[in-house]
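Here the structure comes first, spelled out in structure tokens, and everything after it is commentary.
The values are calculated or read from the model by the stated rules, or taken from the named source; none is laboratory data. Values in this document were obtained by computation on a predicted structure and should not be read as measured data. FYI the Cβ positions are ideal-geometry reconstructions off the backbone, even for glycines, and counts take in every protein chain you see.
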Amino acid sequence: MPPLRTWFRLLRPEQWTKNALVLAAFIFALGDRNQYLGWVGFGTPLIAAAAFCLLSSAVYILNDIRDAPRDRLHPVKSRRPVAAREVSVPAAAAVALVLLAVSLAVAAKIAFPFFAVLLVYFLLQLAYTFLLKRLPLLDVIVIALGFVLRALAGAAAIAVPISPWLLVCTLLLATFLALCKRLHEKVNLGAAGTRDALGGYSPRLLDQLIAMTGAATLVSYSIYTLWPETVDKFGTEWLCATIPFVLFGLFRYLHLVYQQDKGDQPERILLTDFPLLADIALYGLVLLAVLFLPR
């Protein structure tokens, strides 16, 4: 029987940080003059994020089962419990089914729209695991759509509308991060046979796509902060004060990708790079100040 730590590693808990996006709708709704949410209602989005964590872990396990032979060729992925044969395929599959059942049951208790978004996410990830991840360009778009569904799930859990501009920003930023990861894999692992889609990319193409999506992310976010509906919604024009932090965040991430040869693990970078952590913290503080300080 594998030790408890091995079972925990099977869930890929380091990836759970992505599901913090489920909380975004609640945070922005708190500052909405037309909404009447209070911090007392924070329990629902927290449970919704937890349900998303369980579901995403189920997806990761299924992906590990599917890709175990290929993962054994990768310097990092070869240490995953299934690839390293620390957990058997039947045992891993059983854990995935339990996580899937629990997450969907919790989602159904929260709200049907939230359950529907989770189900769509799961089906999309199944399609990605067994087919779409092999198709260049489409693979990164599907990854980005997963983040859009996270944002939508957060809004569905508490029955509040979400700005289309935020969904656009989420799509573009997630695509930017996915392309940076593909660039690192192409440069460092292009001939290792670890990912079929890499054959459809070249470093030059990825450089151009990264520049395009990074610029589009900044422009879209800037437009969102200054959009008349946004100003009316939050009762302030000062949301644009957060733009410099988004700009620095993009610059810093590009510096890590191109100057330090990082970008293969965005979730790890966001938790370990001090300048990025400080930038995110300052962004959050300024955002809270703009939304909640008396005006």
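Which residues, taken from the range 129-153, are under 20 Å from residue 66 (Cα atoms) and more than 15 Å from the chain's Cα centre (by Cα)?
Residues of the range 129-153 that are under 20 Å from residue 66 (Cα atoms), as a first pass: 129-136, 138-140, 142-143, 146.
Those that are under 20 Å from residue 66 (Cα atoms) and more than 15 Å from the chain's Cα centre (by Cα): 129, 130, 131, 132, 133, 134, 135, 136, 138.
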Restricting to the range 257-288, give me the number of residues that are closer than 21 Å to residue 77 by Cα and surrounded by 14 or more Cβ atoms within 10 Å (Cβ to Cβ).
9
Out of all the residues in the range 207-222, is one or more under 30 Å from residue 128 (Cα atoms), of a type in the set (Val, Ile, Thr) and at pLDDT below 85?
no
Please determine, by comparing only the residues of the range 176-204 that are of a type in the set (A, V, I, L, M, F, W, C) and part of a loop (DSSP other than H, G, I, E, B), which one is surrounded by the fewest Cβ atoms within 10 Å (Cβ to Cβ).
191
Those residues of the range 229-256 which are assigned to a helix (DSSP H, G or I), farther than 27 Å from residue 272 by Cα and of a type in the set (D, E, K, R), in sequence order
229, 232, 233
Subset of the range 163-175, residues β-branched (Val, Ile, Thr) and buried (at least 18 other Cβ atoms within 10 Å of the Cβ), comes to 170, 175
Counting only residues that are modelled with pLDDT of 75 or more, under 22 Å from residue 291 (Cα atoms) and in contact with a Lys or Arg (Cβ under 8 Å, 6 or more places away or on another chain), how many does the range 13-56 have?
2
Matching option when the condition is at pLDDT below 95, of a type in the set (Lys, Arg), outside any helix (DSSP H, G or I) and not assigned by TED's automatic domain parsing to the domain that holds residue 185, among 70, 66, 85
85
